[in-house]
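*Asks:* What follows is a single structure, and I will ask about it in a moment.
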There are 2 protein chains.
Amino acid sequence: MFSDFERYIKTQAVLTEEDIRLFRDTAIEKKLRRKDLLLQEGEICRYKTFVCKGFLRTYRTTGNGNEHVMQFSPENNWTTDPESYEHHTPSCYNIDALEYTEVVMWTKKDFDYLFDHIPLLKVYSDKLIASNLSRTRQRVFSAISATAEERYDEFIKMYPGILTRVPLHMVASFLGVSRETLSRIRHTQVKS
Amino acid sequence: MFSDFERYIKTQAVLTEEDIRLFRDTAIEKKLRRKDLLLQEGEICRYKTFVCKGFLRTYRTTGNGNEHVMQFSPENNWTTDPESYEHHTPSCYNIDALEYTEVVMWTKKDFDYLFDHIPLLKVYSDKLIASNLSRTRQRVFSAISATAEERYDEFIKMYPGILTRVPLHMVASFLGVSRETLSRIRHTQVKS
DNA sequence: CAAAAACGGTGACAAATGTCCTCGTTTACG
DNA sequence: CGTAAACGAGGACATTTGTCACCGTTTTTG
């Protein structure tokens, strides 16, 4: 598990063996079965999490109990609730596993320690945040400017291969349409 | 104009007179008339911009020429296209003034210099980015989970007083609905 | 393995929204 | 100041989407 992370992070940043040792000494490994929750609404998100293997989903619920998918996190991706993590406030998100998943996590205290001792980590982290913001902006633009079908096509391009791992009603939820609407869109696309 | 910025930034971060001097020496002041463009689609966004007075709008256009408002930036707000600014790539955004506006701007080169010489500036900037990401996430959640009316109500709460400064069709554009739909929503709310 | 749950699709109908149009008022600007 | 543009509203109609109900299949799980 940590070895998966080690292999990945070495492709993203130039790290010394000492850096890797710091990561390893503070990492918490965790295995999740399908449907297990990594974070529950109302809890404080205490970790930055890296997905080594498997698939996580971040979602929010509305008053009437509807689930809305905010993010899919397949292997080799980071996930957390930045607000809750940073300010130690209750989170409004749930994070669960869509399949058997292995993660490595760090507490804020430990990760801040890593920031202090691995200068390049901050640079890497800033890049992740920047690209995260950019993608979120793009998603807003899609939401306000594109039709449901266009958003679906964009989604397929952005996350190729995801359809075989995620049930369609979650894709619909991510796109902000009902599963029936997504079903219709897919139906019309079969013909063309 | 710079004095507006100086007054504001002192409420946000603890700065020395020397820090202020660095800001002042590198700042570019600019006045914009209504409808003037600060950034045009296709250009490289070369500045971080602080709005001292007035009102900016950031929007994108789709293939068929429709404008979609991504952001409103009243006085005491920062704006830029982070992607274009950071990577010197052509921007897909337009930024224009909705009324007479005064801004101060810094080139990336100068602002990076400020980062190097004013340690707290990075902390402040990181906070802005974090809250920006948080708000953008919230907007995605609204877009995929709420009705047009709920999004409108949320908008009013989030930006009180904005309705008197921004034409309704731009609010509609920001919310991702047609101006007719927004008109209907407002009509039904008058009764209740 | 067998029961239960999850899943994907579809039809019928209602509700929401977009599009196109006109109209009167307000605002901008030469 | 006067003309033109921008603006907000509203009606009529078409389209999209949501909701509800149902069905057959696949997957999960005890």
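*Asks:* For the stretch A:29-79, how big is the tail of P(r) above 13 Å, as a whole percent of Cα pairs?
*Replies:* Value for the stretch A:29-79: 65 percent of Cα pairs lie more than 13 Å apart.
*Asks:* Can I ask one more? Would you check chain A for Lys pairs whose C-alpha atoms are within less than 14 Å, ignoring same-chain pairs closer than 8 in sequence, and give me the count?
*Replies:* 7
*Asks:* Please report the buried accessible area for the interface of B with A, total over both chains, probe 1.4 Å, in Å² to the nearest 100. Walk me through the intermediate numbers first.
*Replies:* Numbers: alone 11340 and 11370 Å², together 20220 Å².
Interface area, both chains combined: 2500 Å², rounded to the nearest 100.
*Asks:* Using +1 at the C-beta of Lys and Arg and -1 at the C-beta of Asp and Glu, which of A:LEU114, A:GLN189, A:GLY176 has the Cα lying farthest in the positive direction of the dipole of chain A?
*Replies:* Selected residue: A:GLN189.
*Asks:* Also, quick follow-up: Which net charge results when you count Lys and Arg as +1 and Asp and Glu as -1 among the other residues whose beta-carbon is under 12 Å from that of A:LYS122?
*Replies:* For residues surrounding A:LYS122, the net value is -2.
*Asks:* Top mean-square fluctuation among A:THR58, A:THR107, A:THR89, Gaussian network model of chain A, C-alpha springs under 10 Å?
*Replies:* Checking each option, the largest mean-square fluctuation is seen for A:THR89.
*Asks:* Helix-derived [θ] at 222 nm for the protein assembly as shown: sum -39500 (n - 2.57) over DSSP H runs of at least 4, divide by residue count, nearest 500?
*Replies:* Values: 16 runs with 192 residues, N = 384.
So the helix-based figure for the protein assembly as shown works out to -15500 deg cm²/dmol.
*Asks:* Show me, for the stretch A:157-163, the HN-Hα J-couplings you get by feeding each phi into the Karplus relation (A = 6.51, B = -1.76, C = 1.60, θ = phi - 60°), rounded to Hz, glycine and proline as x.
*Replies:* 5, 5, 10, x, x, 7, 4
*Asks:* Right, another one. Expressed as a whole percentage, what fraction of the accessible surface of the protein assembly as shown belongs to carbon and sulfur atoms when a 1.4 Å probe is rolled over the protein heavy atoms? It would help to have the intermediate numbers written out before the result.
*Replies:* Details: 10380 of 20220 Å².
Exposed carbon and sulfur together represent 51 percent of the surface.
*Asks:* Semi-axes of the equivalent ellipsoid of the stretch B:2-108: what are they in whole Å, largest first, if each equals the square root of 5 times a C-alpha gyration tensor eigenvalue?
*Replies:* Values: eigenvalues 137, 47, 23 Å².
They are 26, 15, 11 Å, listed from largest to smallest.
*Asks:* Where only protein heavy atoms count, and the probe is 1.4 Å, what is the accessible area per residue for chain B in Å²?
*Replies:* On a per-residue basis, 53 Å².
*Asks:* At q = 0.18 Å⁻¹, what log₁₀ I(q)/I(0) does the stretch B:68-147 have when each alpha carbon counts as one equal point scatterer in the Debye sum?
*Replies:* So the normalised log intensities are -1.02.
*Asks:* What size of dipole, in debye to the nearest 20, comes out for the stretch A:2-117 about its Cα centre when the only charges are +1 on Lys and Arg C-beta atoms and -1 on Asp and Glu C-beta atoms?
*Replies:* Roughly 340 debye for the stretch A:2-117.
*Asks:* Another one. Please get the size of the charge dipole for the stretch A:84-164, origin at its Cα centre, with Cβ charges of +1 on Lys and Arg and -1 on Asp and Glu, quoted in debye to the nearest 20.
*Replies:* That gives a dipole near 280 debye.
*Asks:* Tell me which of A:GLY161, A:PHE72, A:ALA97 sits at the most positive position along the dipole axis of chain A, charges placed on C-beta atoms (Lys, Arg +1; Asp, Glu -1).
*Replies:* It is A:GLY161, whose Cα lies furthest towards the positive end.
*Asks:* Cut-off 10 angstrom, C-alpha nodes, Gaussian network model of chain B. Which of B:GLY63, B:GLY161, B:GLY42 fluctuates the most?
*Replies:* Its mean-square fluctuation being the largest, the pick is B:GLY63.
*Asks:* Moving on to the next point. Once every Cα of the protein assembly as shown carries one equal point scatterer and solvent is ignored, give the base-10 log of I(q)/I(0) from the Debye formula at q = 0.12 Å⁻¹, two decimals.
*Replies:* -1.09
*Asks:* Buried by at least 40 Å² relative to the chain on its own: which residues of the stretch B:135-152 qualify, computing accessible area with a 1.4 Å probe on protein heavy atoms?
*Replies:* B:THR136, B:ARG137, B:VAL140, B:PHE141, B:ILE144
*Asks:* I've got another one for you. How big is the Cα convex hull of chain B in projection, averaged over all directions, in nm²?
*Replies:* For the Cα atoms of chain B, the hull's average projected area reads 11.8 nm².
The values are calculated or read from the model by the stated rules, or taken from the named source; none is laboratory data. All figures in this text were calculated on a predicted structure; none of them were measured in a lab. All Cβ positions, even for glycine, are placed from backbone atoms using ideal geometry, and neighbour counts span all protein chains on display. Accessible surface is based on the protein model in full, side chains and every heavy atom, while ligands, DNA and RNA are left aside. Shrake-Rupley method; radii C 1.70, N 1.55, O 1.52, S 1.80 Å.
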